[in-house]
């Protein structure tokens, strides 16, 4: 019996130590990567001139997107979520170790969206609370599947670290929204990746999945409670996961 108790104490202590100082590890990895990235950056003055051909390609692309946008917006009477605003607050918790808070806003207009999020990580340990913040702006998102029950989008933007050297990295996303029973039930899944092309590191990868349940609807305002799972990997060395809950306010 004494051996079992001793083993339990050692196991708990080991788990506690393993979860400590993860915020410090992320900041350390960021600093090391910043040094590598600056050394790998090589300024280049090479250039070519193919402006004429590129202009035709860009013009043709906008023409196609314009026609696609017009066609999708015609479906708005049957798919009202094609134009709207989403205000989201999600929080993930790994008991007695981490808290991740994600206030977020997304605007949608047909096939186009823009999405801004703050990623706030809090760590509890014997030395007191430690935290770090990053900012994610998906400047351009393309909603390439737009139906009453399914929306699939991909986007590009940047992730900016709010600590250390305040580095910024390209970030891309892929996400899916599922909506059923007149939007009373739904689901959401999202993948994010923010690579550093100079150093070859990946400052952050993330995957999250949620179930959504409508809790009120009044005119153009709709509220949903969410529950799910979130996993983040920083610099391919530090993992943070948590059970996620939150609320979404939709205006459409």
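When 102, 146, 129, 119 are checked against the criterion of being more than 22 Å from the chain's Cα centre (by Cα) and either surrounded by 18 or more Cβ atoms within 10 Å (Cβ to Cβ) or under 26 Å from residue 227 (Cα atoms) (or both), 129 stands alone in meeting it.
Scanning the range 202-224 for residues that are out of contact with any strand residue (DSSP E or B) (no Cβ under 9 Å at 6 or more places or on another chain) and surrounded by 14 or more Cβ atoms within 10 Å (Cβ to Cβ) yields a total of 0.
Among the residues of the range 226-240, those identified as in contact with a helix residue (DSSP H, G or I) (Cβ under 9 Å, 6 or more places away or on another chain) and either surrounded by 15 or more Cβ atoms within 10 Å (Cβ to Cβ) or on the phi > 0 side of the Ramachandran plot (or both) are 234, 235, 236, 238, 240.
Restrict the check to the range 89-96 and report whether at least one residue is part of a strand (DSSP E or B), closer than 18 Å to residue 206 by Cα and in contact with a helix residue (DSSP H, G or I) (Cβ under 9 Å, 6 or more places away or on another chain). Within the range 89-96, one or more residues are part of a strand (DSSP E or B), closer than 18 Å to residue 206 by Cα and in contact with a helix residue (DSSP H, G or I) (Cβ under 9 Å, 6 or more places away or on another chain). Of the residues making up the range 109-132, those that are part of a strand (DSSP E or B) and over 19 Å from residue 191 (Cα atoms) are 109, 122, 123, 130, 131, 132. Somewhere in the range 79-94, is a residue loosely packed, with under 14 Cβ neighbours inside 10 Å, at pLDDT below 95 and over 12 Å from residue 143 (Cβ atoms)? No - not one qualifying residue is present in the range 79-94. Could you check, for the range 164-177, whether at least one of its residues is modelled with pLDDT of 95 or more, surrounded by 15 or more Cβ atoms within 10 Å (Cβ to Cβ) and over 27 Å from residue 109 (Cβ atoms)? Yes, the range 164-177 has at least one match. Given the conditions (1) on the phi > 0 side of the Ramachandran plot; (2) surrounded by 14 or more Cβ atoms within 10 Å (Cβ to Cβ); (3) at pLDDT below 95, and given that residue 110 satisfies all but one, which numbered condition is not satisfied? Status for residue 110: all satisfied but (3).
The values are calculated or read from the model by the stated rules, or taken from the named source; none is laboratory data. Just so we're clear, the structure is a prediction, and the values are computed from it rather than from any experiment. Here Cβ is always computed from backbone atoms with ideal geometry, including for glycine, and neighbour counts include all displayed protein chains.
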